[in-house]
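For reference, the structure is listed below as structure tokens.
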């Protein structure tokens, strides 16, 4: 797909540059040394699917370091502060919310009409 996009688009186009970056990233990720963990997750993958011979050593490949890192990442996520996108509890009634929004709308209209 990437080589096709690079073949039919000129070098100075966005499509050519994006397909070149995607191809380079894919080639970097899809090497046999880095796919050992995926073979354990999806045992149905065949040599035809990945494009190289899958050895028994590759299927037995485990990443213990990544599991430790993932635990560290989960701890970091638990300690993150709340974001502005989370719901803020309030004690306003629907009528109070409506009146505040109407006041804000009138103020915005007054600013726009000035």
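Descriptive notes on the structure:
- Enumeration of residues in the range 10-48 that are more than 20 Å from the chain's Cα centre (by Cα) and exposed (fewer than 11 other Cβ atoms within 10 Å of the Cβ): 10, 11, 12, 14, 31, 33, 42, 43, 44, 46, 47, 48
- Sub-7 Å Cβ pairs linking a first residue in the range 28-56 that is free of Cβ contacts under 8 Å to residues at least 12 places away in the same chain to a second residue that is assigned to a helix (DSSP H, G or I) and surrounded by 14 or more Cβ atoms within 10 Å (Cβ to Cβ), at least 6 apart or interchain, are 45/39, ordered by first then second residue.
Only the coordinates and a few stated rules stand behind these numbers; no lab work does. Keep in mind it's a predicted model, so treat the numbers as computed, not measured. Backbone-built Cβ (ideal geometry, glycine too); neighbour counts: all protein chains shown.
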